[in-house]
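As structure tokens, the structure follows; a few thoughts come after it.
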Amino acid sequence: MDENSVIYGLEFQARALAPQLAETEQIRFIIGTQSLKQTNNQIHLVEFNEEISTIKTNVFHHSEGEIWKITTSPVDALKLATCYNSVASISSCMMKTAILKLPEEKNPDSIDNLEVVTKLDTENFGIEVKTTEFHPTDPNRAMTVTENNLVLWDISEESGKDVWNVNLKAKNNPKFTTGKWNPHQNCNQFTTVTETHLKTYDIRTGEIAWNIDGIHNQLVRDLDYNMNKQYYVATCGDDGFVKIWDFRQTNHPMYSRSDHSHWVWSVRFNHFHDQLLLTASSDARVLLSSAASVSSENNNDMCLLDNGEGIETKQMLSDGPLQWCEHEDSVYCAEWSPSEPWVFASLSYDGRLLISRVKKSLKYQIML
């Protein structure tokens, strides 16, 4: 198989990319465009055939407005959420969010609008909608992050019902940047980014379960949980650093590197091999790095020889960049495929999608 990246170009600018999380057979990613002309915006469902390195796409209209964020349901492959900027009047715009559904069968002769299955009315909670995150296990729950509110929705019906919310109150009116469910702790915690701080709320009580202050010198842009080590969370930000924290020991990060030359917008652990870390930056590069020293696989670095006469040390990857992809514009997101651990996608603002593979030499070094 060819190890070079496969390129897919969009007609419009784009900054929203998500893997189809509940799809475990096919390699699929979803892209949302950001055209200033509201009715031109689209959602692209991109399917990658790894055997022959080809791409198949389905395109849908998203006439509600320019898409700033897409997330997909981890339990229902057809559901996705968009956060979009919609024209409210001649002189104003307003951010909104909704749950959409992909058709089970696509009509190849037309470009249709996706069905809106749940409307989420965030008007009373703020005008800046940052993200809507599906609950990891409950198909009827989703959390929306606005500039100063968290809103937990019941999304089982056409109109989302607000079942829990918390308001961010602090000096100098800080704002939420983004948020993500903690996939551990029975999925009862939701972690938010506020300027340079992490705050994690227990949705059963509304209280802060844990927090880490001053994790970066400048604005934090993204976070991601290690699926294999329940206390480990990665962060990235405008200071160019990528850090991994154990939130039981918050005095210093367990891992810290600055391999990008500009703001880091996205960080993702590989769900299967958590020593692999994917980052995207507005320096127009996507880095695949090793965080082997703090990975779950680091526990198995020594084993007895078959004859029982000694100890063999398993070769570990050194921490730091392993390979990279070059774009021609800022890269706001990079995502792993949930169905194939060695494939990832990255999207730059000029509408260029790259689907890339982990190099064979690295794959064999990890597996053997």
Subject >> Burial order of peptide ranges 37-46, 159-168 (average beta-carbon count within 10 Å, highest first) >> reply: 37-46, 159-168
Subject >> GluC sites (Glu not before Pro) within the stretch 57-115: DSSP coil, no more than 10 neighbouring Cβ in 10 Å >> reply: 104, 105
Original post:
Which of the trypsin sites (Lys or Arg not before Pro) across the stretch 185-278 are loop residues per DSSP, with 11 or fewer other Cβ within 10 Å?
Top reply: 204, 248
Subject >> Which of 349, 84, 225, 364 has the fewest Cβ neighbours within 10 Å, and the rest in rising order >> reply: 364, 349, 225, 84
Original post:
Setting aside same-chain residues fewer than 8 positions from residue 130, which aspartates and glutamates have a Cα under 13 Å from its Cα?
Top reply: 147, 222
Original post:
Thinking of the stretch 1-162 as a set of Cα atoms, what percent of all their pairs are more than 20 Å apart?
Top reply: 51 percent
**OP:** Report Rg/Rh for the stretch 142-231, rounded to two decimals, where Rg is the Cα radius of gyration and Rh the Kirkwood radius.
**Re:** 0.97
Original post:
How many angstrom separate the Cα center of the stretch 328-344 from the Cα center of the stretch 56-132?
Top reply: 21 Å
Original post:
How big, in percent, is the set of alpha carbon pairs in the stretch 183-262 lying more than 20 Å apart?
Top reply: 28 percent
Original post:
Most mobile of 14, 170, 280 per a Gaussian network model of the chain (Cα springs, under 10 Å)?
Top reply: 170
Original post:
Which pairs, out of 37/106; 96/180; 101/161; 56/175; 56/79, put more than 28 Å between their alpha-carbon atoms?
Top reply: 56/175
Original post:
Which of 103, 321, 74 moves the most in a Gaussian network model of the chain with Cα springs under 10 Å?
Top reply: 103
**OP:** Could you tell me which GluC sites (Glu not before Pro) in the stretch 138-239 are loop residues by DSSP with no more than 16 other beta carbons within 10 angstrom of their beta carbon?
**Re:** 157, 158, 207
**OP:** Choose one answer from 54, 131, 178: the residue with the largest mean-square fluctuation in a GNM of the chain with alpha-carbon springs under 10 Å.
**Re:** 54
**OP:** Return 342, 324, 153 ranked ascending by Cβ neighbour count within 10 Å, so the fewest neighbours appear first.
**Re:** 324, 342, 153
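Here, each number is a calculation from the coordinates, and none is a lab measurement. As the structure is a computational prediction, the values presented were derived from the model and not from experiment. Using ideal geometry, Cβ is built from the backbone for each residue, glycine included, and neighbour counts are taken over all protein chains shown.
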